[in-house]
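For reference, the structure discussed in these notes is given below.
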Amino acid sequence: AQKVTQAQTEISVVEKEDVTLDCVYETRDTTYYLFWYKQPPSGELVFLIRRNSFDEQNEISGRYSWNFQKSTSSFNFTITASQVVDSAVYFCALSGGYQKVTFGTGTKLQVIP
Amino acid sequence: NAGVTQTPKFQVLKTGQSMTLQCAQDMNHEYMSWYRQDPGMGLRLIHYSVGAGITDQGEVPNGYNVSRSTTEDFPLRLLSAAPSQTSVYFCASSYKRANEQFFGPGTRLTVL
């Protein structure tokens with residue numbers, strides 16, 4: 001069975017601070033895919049990034065960056081210089097082999113102006 | 001491209017009633033799934049399909065049925081609604097299971 005753990009239920013930061021959202025996963029598959037999604041207060045779910053298990057290169061997209069470490073089974077997400085528009089619930093998800101897609105319970109980020 | 005569409009957006013049912021939540025996508029995606037979102041529980045998979053004619057159970061399938069007669073449509077049926085099924089339901093699709101999912105806008109269901 002596969003599992004995704006997002007231990008941080010809620011995080012509050014002041015605008016312009018950096019914040020890291022943690023994601024730890026468990027899987028027995030050697031080939032798997034990790035994802036991050038964003039759910040703003042309006043409720044829609046938006047895809048942010050996909051990473052496969054063979055690509056441990058960190059990814060940077062503007063103020064967003066992702067750190068994938070197979071050694072610690074983690075796929076953490078950092079927002080640099082946070083903005084109020086970053087306030088949302090962020091979900092980490094895992095798709096492995098023939099397993100179903102599993103989501104974590106989400107981290108609610110509140111950025112205070 | 002309409003993407004993933006869901007109807008209705010809101011629904012109130014009485015205990016014991018049945019209904020179907022509709023989901024359609026126009027991206028020719030093979031993989032479709034239904035999730036429910038409850039406070040503090042994240043997104044939990046109800047049922048999924050890897051192609052027309054193929055469906056399988058997710059984490060919380062009890063009380064729900066699905067079918068996939070076409071690539072485009074993936075309806076979710078509540079057989080006999082219960083208050084525990086009060087939730088927000090999301091339909092999603094992706095090209096394959098390994099690809100990013102596109103989500104519908106959600107259906108907010110209340111069972112009294």
In segment A:87-112, the residues that are open to solvent by less than 10 Å² (accessible area, probe 1.4 Å) and over 13 Å from the mean Cα position of the chain (by Cα): A:SER95, A:GLY96, A:VAL101, A:VAL111
Considering only segment B:45-56, state which residues are under 11 Å from the mean Cα position of the chain (by Cα) and more than 30 Å from A:ALA7 (Cβ to Cβ). B:SER49
Can you find a residue that is under 18 Å from B:PHE103 (Cα atoms), of a type in the set (Ser, Thr, Tyr), more than 9 Å from chain B (Cβ to nearest Cβ) and exposed (fewer than 14 other Cβ atoms within 10 Å of the Cβ) anywhere in segment A:21-32? no
Do you know which of the residues in segment A:41-61 that are without any contact (Cβ under 8 Å) to a residue 24 or more places away in the chain and in contact with a Gly (Cβ under 9 Å, 6 or more places away or on another chain) is least open to solvent (accessible area, probe 1.4 Å)? A:GLY43
Using beta carbons and a limit of 7 Å, which pairs, at least six apart or on different chains, have the first residue in segment A:67-91 and basic (Lys, Arg) and the second one open to solvent by 30 Å² or more (accessible area, probe 1.4 Å)? A:LYS70/A:GLU56
Out of everything in segment B:75-97 that is within 14 Å of chain A (Cβ to nearest Cβ) and of a type in the set (D, E, K, R), what residue ends up being least open to solvent (accessible area, probe 1.4 Å)? B:ARG97
Which one of the conditions (1) free of Cβ contacts under 8 Å to residues at least 12 places away in the same chain; (2) away from chain A (no Cβ under 14 Å); (3) among the acidic types (Asp, Glu) does B:GLU100 fail to meet, given that it meets all the rest? (2)
Count of residues meeting criterion [outside any strand (DSSP E or B) and within 14 Å of another protein chain (Cβ to nearest Cβ)] in segment A:69-102: 4
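To keep it simple, each residue is scored yes or no on (1) more than 12 Å from the chain's Cα centre (by Cα); (2) open to solvent by less than 40 Å² (accessible area, probe 1.4 Å).
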residue	(1), (2)
B:ASN1	yes, no
B:THR7	no, no
B:PHE10	yes, no
B:LEU13	yes, yes
B:ASN28	yes, no
B:SER33	no, yes
B:PRO39	yes, no
B:LEU43	no, yes
Can you tell me which residue among B:GLU72, B:GLU59 is more than 12 Å from the chain's Cα centre (by Cα), within 14 Å of chain A (Cβ to nearest Cβ) and either closer than 18 Å to B:GLU30 by Cβ or acidic (Asp, Glu) (or both)? B:GLU59
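The values are calculated or read from the model by the stated rules, or taken from the named source; none is laboratory data. Everything quoted here is computed from the prediction, not taken from an experiment. Backbone-built Cβ (ideal geometry, glycine too); neighbour counts: all protein chains shown. Keep in mind that these areas ignore ligands, DNA and RNA; they rest on the heavy atoms of the full protein, side chains included. Shrake-Rupley method; radii C 1.70, N 1.55, O 1.52, S 1.80 Å.
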